[in-house]
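Engineer: So that we are looking at the same thing, I have put the structure below in structure tokens.
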Amino acid sequence: MNIQTNLNKAFSFSLVALTATSLSFATITPVKAAFAQVKVEPLITRSVINEGMNGTWNLQWKVNGLLYKGRLKMNGNFGTMVVNVTRPNGTRVYVEQQMNMHRQRNGYTLQGNRPTYPGRDAINRNYQPDNFYVELDDSGHLKMKNCSDDSSYIPVRMKKVY
């Protein structure tokens, strides 16, 4: 009977210890975490323009009379873009480049890098990576300008595909 009494005491002590431990963890939980409020923001605001850029876009811009057409796919601050342009001699140039979005004072820059031949890893040394400036206009719509040429900002037509 002495062994049974000791087992009952040990079991009772274990339950008390377990309860005390559980209560001590419960009291450590910060009150603010339990009542945190979630702030919901619109999809496109001046501070998070990159979310509005998510998806696939058709882009068009002209440089020195040449029409450039780009297909931009963005996911957050990163993406890819395939560009094609027909040169004056009739040759078509296709380039794929990695795109990175960086925050600026009133918008974002979208910087192309590592222009390659689409579907290949070979760098196309005849194509300068594209750089764009993206901002919201006064009505809340995205506006884009190509700023690859140091002399000016060239307007870009944007159309979201999906």
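Only the coordinates and a few stated rules stand behind these numbers; no lab work does. Keep in mind that this is a model prediction, so the values were computed, not measured. Quick reminder, even Gly has a Cβ in these numbers, built from the backbone with ideal geometry, and neighbours come from all protein chains shown.
Engineer: Taking 30 Å as R0, compute the FRET efficiency from the Cβ-Cβ separation of GLU51 and ASP121 and round it to 0.05.
Structural biologist: After rounding, the FRET efficiency stands at 0.50.
Engineer: Under the classification rounded if a/c is under 1.5, otherwise prolate if a/b is larger than b/c and oblate if not, where does segment 50-113 fall, given a ≥ b ≥ c as square roots of the Cα gyration tensor eigenvalues?
Structural biologist: Numbers: a/c = 2.56, a/b = 1.96, b/c = 1.30.
Prolate, since a/c reaches 1.5 and a/b exceeds b/c.
Engineer: Turning to a different aspect of this structure: What whole-number distance in Å separates the alpha-carbon centres of segment 82-105 and segment 123-159?
Structural biologist: Taking the Cα centre of segment 123-159 as reference, the centre of segment 82-105 is 11 Å away.
Engineer: Using R₀ = 25 Å, calculate the FRET efficiency as 1/(1 + (r/R₀)^6) where r is the Cβ-Cβ separation of ASN84 and ASP138; round to 0.05.
Structural biologist: Taking R0 as 25 Å, the efficiency between ASN84 and ASP138 is 0.15.
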